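Each reported figure results from applying straightforward, stated rules to the coordinates on display, with no laboratory input. Since this is a predicted model, take the numbers as computed values, not measurements. Every residue, glycine as well, gets a Cβ built from its backbone with ideal geometry; the counts of neighbours run over all protein chains shown.
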Amino acid sequence: MNKEILKERIDKLCGKKYKFIFNGSRNQREKFHGVIVKTFPSVFLVETCDKTSRIKSFSYNDVITSNLQIIEK
């Protein structure tokens, strides 16, 4: 998938709540709900919908390599 096309798709997802599954290093898997709040040329920001309401950043390569899954809630 082309990074430019993916950025356009993620731009359209801004402001809506989604479920995210992130496959980190050493077989660590993190599941959380959040809202994509802002996109940049190389990364996008997700605000988590939990007690702490953290901001996490992800690269478009995380989605391309399937390290991050975005699932419609």
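At a threshold of 8 angstrom on Cα-Cα distance, excluding pairs fewer than six apart, so keeping six or more, what relative contact order does the chain reach in percent?
31
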Task: Distance in nm between pseudo-label sites at S42 and Q69 (7 Å out along the Cβ direction from Cα) - done: 2.8
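So how strong a dipole does segment 19-73 carry about its Cα centre when Lys and Arg Cβ are +1 and Asp and Glu Cβ are -1, to the nearest 20 debye?
The dipole magnitude comes to about 160 debye.
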Open item on the list: Name the residue from C49, G15, L68 whose Cα lies farthest towards the positive end of the charge dipole of segment 3-72, charges +1 on Cβ of Lys and Arg and -1 on Cβ of Asp and Glu.
Closed with: C49
TODO: Could you check which residue among S57, S42, S25 shows the biggest mean-square fluctuation in a GNM of the chain with a 10 Å Cα cutoff?
DONE: S25
TODO: Kindly state, as a whole number, the per residue volume in cubic angstrom of the convex hull around the alpha carbon atoms of the chain.
DONE: 85
Task: Those aspartates and glutamates that a straight Cα-Cα span of less than 18 Å connects to K17, excepting residues fewer than 8 apart in one chain - done: E8, E30, E47, D50, E72
